[in-house]
1. Return yes when Phe460 is buried (at least 21 other Cβ atoms within 10 Å of the Cβ), assigned to a strand (DSSP E or B) and of a type outside the set (D, E, K, R) and no when it is not.
2. With the condition kept exactly as written, say whether any residue in region 372-379 is modelled with pLDDT of 95 or more and either in contact with a Gly (Cβ under 8 Å, 6 or more places away or on another chain) or among the polar types (S, T, N, Q) (or both).
3. Within region 184-204, is even one residue part of a loop (DSSP other than H, G, I, E, B) and in contact with a helix residue (DSSP H, G or I) (Cβ under 7 Å, 6 or more places away or on another chain)?
4. Could you check region 294-327 and list, in sequence order, the residues that are closer than 13 Å to Asn50 by Cβ and either in a strand (DSSP E or B) or touching a Ser or Thr at 6+ places or on another chain (Cβ under 8 Å) (or both)?
5. Within region 118-141, count every residue that is farther than 23 Å from Ala199 by Cα and touching a strand residue (DSSP E or B) at 6+ places or on another chain (Cβ under 9 Å).
6. Could you list, in sequence order, all residues of region 100-150 that are in contact (Cβ under 8 Å) with a residue 60 or more places away in the chain and farther than 25 Å from Gly310 by Cβ?
7. What are the residues in region 212-245 that are assigned to a loop (DSSP other than H, G, I, E, B), buried (at least 17 other Cβ atoms within 10 Å of the Cβ) and not β-branched (Val, Ile, Thr), if any?
8. Surrounded by 20 or more Cβ atoms within 10 Å (Cβ to Cβ) and among the β-branched types (Val, Ile, Thr): is that true of Thr368 in this structure?
Amino acid sequence: MRAVSIGLVVLVSLGGAGLARPQAAPDGQRPYEEPFRPQFHFTPPAHWMNDPNGMVYLDGEYHLFYQYHPYSNVWGPMHWGHAVSGDLVHWRNLPIALYPDRFGMVFSGSVVVDASETSGFGRHGQAPLVAMYTSHDERRKKSGATGYQAQGLAYSADRGRTWVKYAGNPVLTNPAVADFRDPKLLWYAPARTWIAVLAVGDHVAFYSSPDLKQWHHESDFGRGAGAHAGVWECPDLIPMTVSGTVERRYVLLVSVGKGGPNGGSATQYFIGGFDGHRFQPDPAAATGAASPARWLDYGTDDYAGSTWSGGPTGDERARFIGWMSNWQYATVVPTERWRGGMTLPRELRLVATGRGLALRMLPAPELTRLRRSGDSSGILRPQPVASPLNLTRASGMRSGVLDAGLLELELNLDTRGASRVELQFANARGESTVLAIDRAAARYELDRRASGAVDFSPDFPGVQTAPLPVHGGPTSLRIFLDRSSVEVFINAGETVFTALVFPSVPYDTVVLRADSEIRLESGRVYALRSIWRP
């Protein structure tokens, strides 16, 4: 969670009295039908949101908490908003979970199920949900003091509906540094202990605890590794099995406030081992004294993401979601009733490649539930493409189905005969976003310079790029278009772009073109449903 400078801070006590009521939609609009409002991404009913927090699974529900300012559409005193889902796709908004208190705002953190009731917070044999979060004292910060961030606990004995803050807060105090925050909790079974990983300025710190209350510093990692143009934030330590093997490794996600691959904030990752005391990056992930940054997403709008704790029995997938924005322009994007949303839910996979282990990110399989039935999808027949091909028209889908602009595309292309291939998402007003494969420049490109509204920030328009891996064979693409976003997954998540776009009317046309003949091997276009309508 990043601290943004504000003026007077008003702290609201824990309880329902301070619960903000949703702001009325303007001009009689129904909620979730305003211009630019995402239709299958999570956004709050109104006001500001940023980092996802406390994602946890319990009794058939996925919980999504998030940084929330319930009184404005710009960043302010942080609360924890709350929503739940049975399928990671359709969300139900719940009342605010955590409010600021005498220790300050409630910054980012995590939630776990204390299945062994190590904390003593359980009731009548019911395992509690326990949240660990950062308290941020803005007054102390403005006074020039250090130690204005500390870690507190809250617990719930009723499936997250109500929360009680621990009377012994704070449980982990600041070692006199400016940034000491964003705890992510993990149960380390070999030692039967809790692990917390925290962001501490230019590195992360690991702490251990038998009961979530008493903490011991174990080690630090990161001062000579990865990207350091901005402060480190929102770490996540994830045990994962290498796909197709029984080998277990740990993946450490760390978001960085600025210096991402295409400007502003982004998320990097490290692969290595963890023994309950320290994280040791794999040699393949480090060259020389410092390991270079490896980026989870090359788009500008996937930040502060984290994974869910727990899941259905036998399902060990690493389920991920991120904040779909960028600190370069998050407070000025052209939305009014709300600001901020989440990426699509995703699945992280650890795979072996010719250059060592690497992380892949794919759309969560549950997203197929968004596909509309009947004649709302179209198959693209295999064919050579020597001139621009309108894929939405070639799919045979009715124009009325496409008008909503809620689309998913699956394409397999043999592009080896061309030096440049473009996929253009466009509307009738001449606004478009272009995805390109540029072999001459050895890169992918996502160009949103003419995507719609772009003049609200000089950092918004531009061409985002990612290196083009050297390998043969077709290129597979899976792409999702919502009212204000484009999400691109290339070659089973080898390269990902997540980007906000603000077209004045939805994109309803997709055109494929190349500078030499290529081949469309297969493809399909799906119209998607809104998750906010009956």
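The values are calculated or read from the model by the stated rules, or taken from the named source; none is laboratory data. All of these numbers come straight from a predicted model, not from anything done at the bench. Methodologically, a virtual Cβ is constructed for each residue, glycine included, from the backbone with ideal geometry; neighbour enumeration extends over all protein chains shown.
1. no
2. Step one: filter region 372-379 for residues modelled with pLDDT of 95 or more, giving none.
No: region 372-379 contains no residue that is modelled with pLDDT of 95 or more and either in contact with a Gly (Cβ under 8 Å, 6 or more places away or on another chain) or among the polar types (S, T, N, Q) (or both).
3. First pass over region 184-204, keeping only residues part of a loop (DSSP other than H, G, I, E, B): 192, 201-202.
Those still in the list that are in contact with a helix residue (DSSP H, G or I) (Cβ under 7 Å, 6 or more places away or on another chain) too: none.
So far as region 184-204 goes, no, none of its residues is part of a loop (DSSP other than H, G, I, E, B) and in contact with a helix residue (DSSP H, G or I) (Cβ under 7 Å, 6 or more places away or on another chain).
4. Asp301, Asp302, Tyr303, Ala304, Gly305, Ser306, Ile321, Gly322, Trp323, Met324, Asn326, Trp327
5. Residues meeting the conditions: 6.
6. Passing the criteria: Pro100, Asp101, Arg102, Phe103, Gly104, Met105, His136, Glu138, Arg139, Lys141.
7. Kept after step one, since they are assigned to a loop (DSSP other than H, G, I, E, B), are these residues of region 212-245: 212-215, 222-231, 243-245.
Applying the additional criterion that residues be buried (at least 17 other Cβ atoms within 10 Å of the Cβ) yields 212-213, 215, 222, 225-228, 230-231.
Once the filter is applied, which keeps residues that are assigned to a loop (DSSP other than H, G, I, E, B), buried (at least 17 other Cβ atoms within 10 Å of the Cβ) and not β-branched (Val, Ile, Thr), region 212-245 yields Leu212, Lys213, Trp215, Gly222, Ala225, Gly226, Ala227, His228, Gly230.
8. On the way: surrounded by 20 or more Cβ atoms within 10 Å (Cβ to Cβ): no; among the β-branched types (Val, Ile, Thr): yes.
Spelling it out, it is not the case that Thr368 is surrounded by 20 or more Cβ atoms within 10 Å (Cβ to Cβ) and among the β-branched types (Val, Ile, Thr).
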